[in-house]
Amino acid sequence: MPTSSATSAREILTGLHDVMASKLGAQAKLNKVVKIIAEAMASEVCSIYLLRDGVLELFATVGLNQAAVHVTKLAMGEGLVGTIAKDVAVLNLAEAASHPEFAYRPETGEELYHSFAGVPIIRKERAIGVLAVQHADPRGYDEVEIEALQTVAMVLSELIANAGLADRAIAAGEERDAGTTRIVGLKLVAGMGKGHAVYHQPRVLIEHTVADDIEAERHRVYSAFAKMREQIDAMMGQAEFGTVGEHQEVLETYKMFAYDEGWSRRINEAIDIGLTAEAAIERVRQRTAQRMRQIDDPLLQDRMHDLDDLANRLLRIVSGQLGTAAQAGLPQDAVLIARNLGPAELLEYDRRKLKGVILEEGSLTAHVVIVARAMGVPMIGRVANLRRLVSEGDLVLVDGTEATAFARPTPAIEEAFDTKLAAGQKRRAEYAAVKDQPSVTRDGVRVQLMVNAGLRDDVAALSATGAEGIGLFRTEFQFLVSAQLPKREAQQRLYRSVLDAAGDRPVIFRTVDIGGDKSLPYLDTNPENEENPAMGWRALRLALDRDTLMKAQARALIEAAAGRELQIMFPMVSEPWEFEAARAIVEEQKAWLGARKKALPKRIRYGCMLEVPSLAEMLDVLLPRLDFLSVGTNDLTQFLFAADRSNPRLAERYDWLSPAILRFLRRIAKAAEKANVPLGVCGEMGGRTLEAMALVGIGIRRLSITPAGVGPVKAMIRSLDAAAAARVMERLLKNPPADFRGALAAWAEKHQVAMA
Ligand code: PEP
Ligand code: MG
């Protein structure tokens, strides 16, 4: 056995380089390959098994009986070879026959050999074959030998794919072998969709594994590292991570890996053996993954995830495949697979082609989820190991409502899904039938139903759902989708077209709420490098300090609403003076335009969002100054519970149906009623039937919700007795049961309130 794995691996790679470049047929190439490996590793046996029609077939060997070639076949999971392929893991045995999975095949003559080492040949993270060596003496193989085999297996994977060996049968076997996977996560956006998996950050398929020029490869990796470090530093420097969907903690780990000398050294060592830059990066990634898997530590698994992402980034840089799937353009009907996304990143996708999104992270009130809801795209989050469960191109069925998805479904599963999809369409048709019915409870209480919007297309939801108006128009969406700060004229055009489309129905424009998890590529919303931007310089705080932005928007709104009523509200007001200051800016613009004889709105109604708890203490001061008040439960909850709304770890920790939130909201509702100021709730909470029922029960009479929620919530309202709901809420809030949600759901069921 050669003393160094690098020597033997290099020897083999040089030999393989020639074989791959030769004009030999596929079978002849494989025959040569096993010979080269056996010689370099001084092993008596070297065999290659390839997956064909779902079974592993002996394709080439030295040392075993030649008669066994194309005869010996093992199912996935059968024997040592089948076990390696199934687990996509190495086996290293001093005594092969003593392994519980050992399956003796007399035609091979392998009883002569005691020791056995086998590694999977991997393509797109699945085994498409196995490379094995055997020795007559009972000896374990050392780590460097296994390493050499794995490096060679990687090159083999390329040879198999390129030399015509990865014929359709193998590719089909690969697909079949993977089988159906059921994915369960957290429900982020309800709805169903079906499409083919697209990775937001596409995986790089390595085309060439053996280098022609080692120096050139070294250089490529060197520049890729430099570029990657630059990117990570820029992301850290941005300090406001919403747009890129990554959190500080993740970025810090990225940075640690990006600057890790050990990582770049190992890649360089792999290049020295003769691998291309891409293959070397991948090889080191696989090796590290294998090591980390052996240590059963969840924290380490998380880190592995980060390293995986970073290795993929490095691969994309080195191979020049930089863009996200949005830039490459989606195929028809896609299901997007990502670790996490920022709202602006999601908005880059064509909503007509996007049938679903599955995230490894994600939390209910993160803005990306709100955007997905606005786009009408079902979304599931919190799926661990997602990218191991779903490969690019897999057919995926997404059931956001049930928070489950199926990758590579069987025809029976697909059929059941289609039936349910059709039933959902029927239910939507039923909701459409109540679309023109009034939103009134059984005992005659009117609950005004409006929709949240932010994109130009959203106004279509008004007539589609029969909503009474737009209760929250998130003007920052236009800022998020633009490559540069939208000009006043562009803003004005959008607002006018929204007002035109809404006709007589009211529209409440909220001035820009940027910062927090809504950052802009062209405006530094976090110059101080805040650690907690959600509680930082965002929304009105930023707008009051940078009032040019606010003035331009105020003018755009006033001009757009000329001759009509204009309703404006301000986000993240924490103290009454901020409302006054914002109002003064708008009034000043109105006066300025008036002085120039421009047409003005008939009337401007000013409102305020209540999403910072401090404001609830100041309602006696604030309410008399307002035309209306709107509670943003997304932010309010995060501040009440001190739980970051975009932190996936906290996604399921607190419930909207908790007595703390409901008591808080009831207090606001009572104060607003007393002051005779119209009050609405415009957070995501109101779009869910059970939550909406609770809100009606504590006296909320206006909900602005996601368009998809209008049908179900209206059906709920029409089946509800508001007085009875008020009584049950009073009772439950007085003596809160441990399972508040459960108690409320049981009450709804008993009283036949329509729940979706
Ligand atoms: C809220 O905070 O509840 C809200 C409606 O505003 P946004 O989700 O845009 O922060
Ligand atoms: Mg908010």
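Things to note:
- Counted as qualifying within region 3-118 are the strands (runs of 3 or more DSSP E) with 3 or more residues that are in contact with a helix residue (DSSP H, G or I) (Cβ under 6 Å, 6 or more places away or on another chain), namely 45-52, 55-62.
- Neighbours by Cβ (under 8 Å, 6+ apart or cross-chain): first from region 173-194, at pLDDT 90 or above; second acidic (D, E) and buried (at least 19 other Cβ atoms within 10 Å of the Cβ): M192/D399
- Subset of region 29-54 [closer than 20 Å to I128 by Cα, open to solvent by 20 Å² or more (accessible area, probe 1.4 Å) and modelled with pLDDT of 90 or more]: N31, K32
- Residue in region 449-467 that is in a strand (DSSP E or B), more than 15 Å from ligand 1 (Cβ to nearest atom) and not β-branched (V, I, T) present: yes
- Scanning region 626-674 for residues that are within 16 Å of ligand 2 (Cβ to nearest atom) and assigned to a helix (DSSP H, G or I) yields T633, N634, D635, L636, T637, Q638, F639, L640, I661, F664, L665, I668.
- Annotation note: Cβ proximity below 9 Å between a residue of region 212-223 that is under 10 Å from T276 (Cα atoms) and among the hydroxyl-bearing types (S, T, Y) and a residue that is open to solvent by 50 Å² or more (accessible area, probe 1.4 Å) and modelled with pLDDT of 95 or more (sequence gap 6+ or interchain) occurs for no pair.
- Across region 470-513, the qualifying residues are those that are acidic (D, E) and in a loop (DSSP other than H, G, I, E, B), and the one among them that is nearest to ligand 2 (Cβ to nearest atom) is D513.
- Of all positions in region 624-632, at least one carries a residue that is more than 16 Å from ligand 1 (Cβ to nearest atom), of a type outside the set (G, A, S) and in contact (Cβ under 8 Å) with a residue 60 or more places away in the chain.
- Qualifying positions in region 682-698 - within 14 Å of ligand 1 (Cβ to nearest atom) and more than 14 Å from V710 (Cβ to Cβ): G683, M685, E691, L695
- Across region 690-737, the number of residues qualifying as outside any helix (DSSP H, G or I) and either modelled with pLDDT under 95 or within 21 Å of Q437 (Cα to Cα) (or both) comes to 10.
- If you check R688, R741, R667 for being surrounded by fewer than 16 Cβ atoms within 10 Å (Cβ to Cβ), closer than 29 Å to E430 by Cβ and touching a residue at least 24 places away in the same chain (Cβ under 8 Å), only one passes: R741.
- Top-ranked residue in region 598-625 [being over 34 Å from the mean Cα position of the chain (by Cα), surrounded by 15 or more Cβ atoms within 10 Å (Cβ to Cβ) and of a type in the set (A, V, I, L, M); ranked as farthest from ligand 2 (Cβ to nearest atom)]: L600
- Cβ pairs under 8 Å, 6+ apart, first in region 604-617 and touching a residue at least 24 places away in the same chain (Cβ under 8 Å) and within 13 Å of ligand 1 (Cβ to nearest atom), second open to solvent by 20 Å² or more (accessible area, probe 1.4 Å) and not in a helix (DSSP H, G or I): G607/D627; L615/E575
- Any hit, region 464-477, residues being open to solvent by 70 Å² or more (accessible area, probe 1.4 Å) and of a type outside the set (G, A, S): no
- G400 modelled with pLDDT of 90 or more and either within 16 Å of ligand 1 (Cβ to nearest atom) or under 15 Å from V189 (Cβ atoms) (or both): yes
- All positions within region 514-533 that are away from ligand 2 (no atom under 15 Å from the Cβ) and not in a loop (DSSP other than H, G, I, E, B): L520, L523
- Screening A725, A708 for residues that are touching a Gly at 6+ places or on another chain (Cβ under 6 Å), crowded, with 18+ Cβ neighbours inside 10 Å and hydrophobic (A, V, I, L, M, F, W, C) leaves exactly one candidate, A725.
- Members of region 346-366 found to be open to solvent by 10 Å² or more (accessible area, probe 1.4 Å) and outside any loop (DSSP other than H, G, I, E, B), listed by number: L347, K355
The values are calculated or read from the model by the stated rules, or taken from the named source; none is laboratory data. Predicted model only: the values in this text are computed from it and were never measured. Please note: Cβ atoms are built from the backbone with ideal geometry, for glycine as well, and neighbour counts cover all protein chains shown. For accessibility, only protein heavy atoms count, side chains too; no ligands or nucleic acids. Shrake-Rupley method; radii C 1.70, N 1.55, O 1.52, S 1.80 Å.
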